[in-house]
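Working notes for the structure below.
The values are calculated or read from the model by the stated rules, or taken from the named source; none is laboratory data. Just so it is clear, the structure is predicted and the values come from calculations on it, not from any experiment. Don't worry about glycine lacking a Cβ; one is built from the backbone with ideal geometry, like all the others, and counts go over all protein chains shown.
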Amino acid sequence: MSCGAYHTLAVMDNGALYAWGLNNYGQLGIKERTAVAKAPTAVYVEAGAAKRRLRVTSAAAGTWHSLVLAEDHGVYSFGRCQYVSLPGLGLGLGLGLGLGLGLRLGGPRR
C-alpha cells in the first residue's frame, strides 16, 4: 500500500491494483473521469497493441501522480507531470486520462 497526499494505492497478492481518493489529475489511473473515488476502484495497467492486462508488483503514490511497476518490468505513470525528467512518463499531463503510458526499465520482455 502507498499513500500519497490525497490518494491511496493498494497492490493485492494476485497483482491487482486498487486506488481511491482524489483524482483531479487522473492520478488514480481509472477510466472514469471522476474527481474523487470514495471506494477502492480497480486500476487496469495495459500494454501492447493487444492491450494485455499486466499484474502489478509495486506502486507509489505521490501528490498528484502515481507510479506503478508491472510484471513486464515497465514503469507506468498516471496523473500530473509538471516537472518531467524521464521521457515517456506522465504523458497525460493534467488531462486526467489515466492512460498507463510508461517507460520500460531494463529486464526481459515477456
Q) Any idea how many residues of region 31-42 are part of a loop (DSSP other than H, G, I, E, B) and among the hydrophobic types (A, V, I, L, M, F, W, C)? A) 1
Q. Out of region 15-26, which residues are more than 14 Å from Ala59 (Cα to Cα) and either surrounded by fewer than 20 Cβ atoms within 10 Å (Cβ to Cβ) or touching a Ser or Thr at 6+ places or on another chain (Cβ under 7 Å) (or both)?
A. Gly21, Leu22, Asn23, Asn24
Q. How many of the residues in region 30-81 are at positive phi and surrounded by fewer than 18 Cβ atoms within 10 Å (Cβ to Cβ)?
A. 3
(Q) Condition first: closer than 15 Å to Arg55 by Cα and in contact with a His (Cβ under 8 Å, 6 or more places away or on another chain). Now tell me which residues in region 1-32 satisfy that. (A) Ala19
Q. Scanning for something part of a strand (DSSP E or B), modelled with pLDDT under 85 and not aromatic (Phe, Trp, Tyr), does region 9-30 turn up at least one residue?
A. no
